[in-house]
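Presented below is the structure to which this report refers.
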Amino acid sequence: MLVLFVAWVFLAGAPDERIDRACRPTVWVGKIFSSASMAADTDYSGGISCGFSNFDKGCQLTIWDYFYAQKWCLSHPGKLIPGDQYDRCPVANNEEDR
């Protein structure tokens, strides 16, 4: 089953689709817990859904940082990552110092 999941992730064409597929289980688990909470008639389904949505975004950012950030920073020296409020391109900054 794990081999099929890994193959499904790597068969995606674009990097953003691969990242989305790699983090898809967090979305699935979040939907299961949120649905179970709604079925149990509790007030927690919104919080559970929001929490898993934040976890999904964190998963996607972690994978992007690990696999793609360094390449992006090297190809765009001195520029911030789009949509990022922090300067997370130390590679580009170190290249300028040399």
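As an exercise, use a Förster radius of 22 Å and the Cβ-Cβ distance of Trp64 and Val27 to find the FRET efficiency, rounded to the nearest 0.05. Provide the component values of the computation, followed by the final result.
On the way: r = 17 Å, r/R0 = 0.75.
Taking R0 as 22 Å, the efficiency between Trp64 and Val27 is 0.85.
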In terms of Cα to Cα distance under 23 Å, which lysines are near enough to Lys71, apart from those fewer than 8 places away along the same chain?
Lys57, Lys79
How big is the C-alpha Rg of the range 22-78 next to the rule-of-thumb value 2.2 N^0.38 Å, as a ratio?
1.57
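Write out the trypsin sites (Lys or Arg not before Pro) in the range 1-82 meeting two conditions: DSSP loop, and at most 16 other Cβ atoms within 10 Å of their Cβ. Intermediate results must be reported in sequence, preceding the final value.
Details: sites: Arg18, Arg21, Lys31, Lys57, Lys71, Lys79; in loops: Lys79.
Passing sites in the range 1-82 are Lys79.
Values quoted throughout were computed directly from the atomic coordinates according to the rules given, and no laboratory measurement underlies them. Owing to the predicted nature of the structure, the values given are computational and were not obtained by experimental measurement. Note that we place each Cβ from the backbone using ideal geometry, even for glycine, and neighbour counts take in every protein chain shown.
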